[in-house]
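Everything below concerns the one structure shown next.
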Amino acid sequence: MEQPPEAIRSQEGQLSPFDWYAEMRAEDPVRFDEQREMWDIFRYEDVDRVLKDHDAFTARRTREDNEFSSDAEDDTGMLQTMITADPPEHNRLRGFVDERFQPGSIREYQPRVEAVTEDVLDALAGEEQFDFVDEFAIPFPVTVIAELLGIPAERRDQFKAWSDALIARPKNGTQTEIQRIQQERQQARQEMSDYFTKLVAERRGGDGDDFITLAANTEELSREEKVGFCILLLLAGNITTTNLLTNAIWSLEEQGLTDAVRTGAIGRKQVIEEVLRYRSPVQSLNRIAIADVELNGKQIQAGDAVTLWLGAANRDSEVFDTPEEFRPERRPNRHMAFGMGVHFCLGAHLARMEADVAMQQLLERFDRLDADLSNLDPLYSLYGLKSLPCEVNRT
Ligand code: HEM
């Protein structure tokens, strides 16, 4: 697990890397970090260029990088998935499923997502206090993915346990704890891999509209790649959406805007876009240079690793007015929280719809939702919180 840069290694730095980003954008926008032996890139224009220049930068992983990517990379012994493939291989791995994540398809899934939201909220019935992260923001997206993959209801608890093991993070950071987490993660991966291998085989030739059947029936992918695709959906789509939901409640409560969203004075969709920009769930991505490139006056050489700070690009004043302010009304809002180029998030429309449905039902159910912001504990690496205690009143 790679360390963050020294400037943001403390808890405070993890919670608020934004001053450091501003300093770097102004003073050293393309810098080489000797300690981590990699380039850091902060300005919107440069991040955009690297993400779109597939001839000069590869998404293949040649070293353990950030958790988002290394988790998606498989130590289950499977072949690569779309997220670590370059064109034209990337087109083959993504093409068969692209249509099913377009807005038209996503609208069809909405009633099922609404039903999942109701179920997760029903489980909270009668509670006046709950932890938003553990009891809503984590189970909700896992259950949505389970539903879309077509995991039978009786296996959902097992599925959630696997997913928990995959995203578990050390709490006290002792060697024993880290080892235990790594072992459990490895075991969960292996079990999931076996489980999906079985389901993919069973559903081949079937006519279900779930993603496992879709993968099982495509001619484009090998058997291992089909299993890799199923696991990728789970890895790429859960903690990211958990963080979007948590960061949304955190930001609304902090800004005193929860009621304005409840009454419709501020649109939910605009809020979601601004949360994605202001507190981007994925703060950074990694690439490796495969050609020598000059960027903002610096020479990056083939083989060099780069970190692209999406969170910094999303607050670049060349692109956003008053970037340090949370302003849901901003239009356009050209944030790159979902990345850029061919790897632009496959699940972007789904995540937006999930967040919209979740926020609507939460605000309908609770006429007061007081989040305790006094003791924020940041998540390491991907940007969010470990917990967010809330006190609620029901309507
Ligand atoms: C790719 C962010 C939700 C599936 C990405 C990338 C980002 C991202 C930044 C680009 C990775 C790169 O270029 O290396 C997010 C955020 C989400 C979210 C912020 C929630 C707020 C989802 C969901 C799913 C999903 C719900 C699926 C169910 C994927 C996949 C890729 C991807 C499969 C790889 C696409 C490719 O390589 O072509 N996501 N994601 N994501 N995301 Fe998401």
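So that you can scan it fast, the table gives a plain yes or no per residue for (1) within 16 Å of the ligand (Cβ to nearest atom); (2) of a type in the set (Asp, Glu):
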{"position": "Ala85", "(1), (2)": "yes, no"}
{"position": "Glu118", "(1), (2)": "no, yes"}
{"position": "Gln129", "(1), (2)": "no, no"}
{"position": "Ala165", "(1), (2)": "no, no"}
*Across the range 291-318, which residue is nearest to Tyr21 (Cα to Cα) among those that are within 15 Å of the ligand (Cβ to nearest atom) and hydrophobic (A, V, I, L, M, F, W, C)?*
Ala312
*Can you name the condition, by its number, that Thr213 falls short on among (1) out of contact with any Cys (no Cβ under 9 Å at 6 or more places or on another chain); (2) touching a residue at least 12 places away in the same chain (Cβ under 8 Å); (3) of a type outside the set (A, V, I, L, M, F, W, C); (4) loosely packed, with under 14 Cβ neighbours inside 10 Å?*
(4)
_Which of the helices (runs of 4 or more DSSP H) found entirely inside the range 4-85 contain at least 1 residues meeting this: of a type outside the set (Ser, Thr, Tyr) and modelled with pLDDT of 90 or more?_
11-15, 18-27, 44-52
*When residues of the range 232-261 are limited to those that are touching a Ser or Thr at 6+ places or on another chain (Cβ under 8 Å), over 14 Å from Pro328 (Cα atoms) and in a helix (DSSP H, G or I), the one farthest from the ligand (Cβ to nearest atom)*: Leu234
*Of all residues in the range 348-371, count the ones that are closer than 18 Å to Gln102 by Cα and either away from the ligand (no atom under 13 Å from the Cβ) or surrounded by fewer than 19 Cβ atoms within 10 Å (Cβ to Cβ) (or both).*
3
*asked:* Anything in the range 88-131 that is closer than 19 Å to Ala355 by Cβ and in a loop (DSSP other than H, G, I, E, B)? List them, or say none.
replied: Gln102, Leu124
*Search result, residues across the range 351-376 that are in a loop (DSSP other than H, G, I, E, B) and either under 18 Å from the mean Cα position of the chain (by Cα) or of a type in the set (S, T, N, Q) (or both)*: Ser374, Asn375
*Within the range 93-111, is there a residue that is under 30 Å from Pro389 (Cβ atoms) and either buried (at least 18 other Cβ atoms within 10 Å of the Cβ) or aliphatic (A, V, I, L, M) (or both)?*
no
_Number of the condition not met by Glu224 [criteria: (1) among the acidic types (Asp, Glu); (2) over 30 Å from Asp356 (Cβ atoms); (3) without any contact (Cβ under 8 Å) to a residue 60 or more places away in the chain; (4) in a helix (DSSP H, G or I)]_ = (3)
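The values are calculated or read from the model by the stated rules, or taken from the named source; none is laboratory data. These figures come from a predicted structure and were not determined experimentally. Here Cβ is always computed from backbone atoms with ideal geometry, including for glycine, and neighbour counts include all displayed protein chains.
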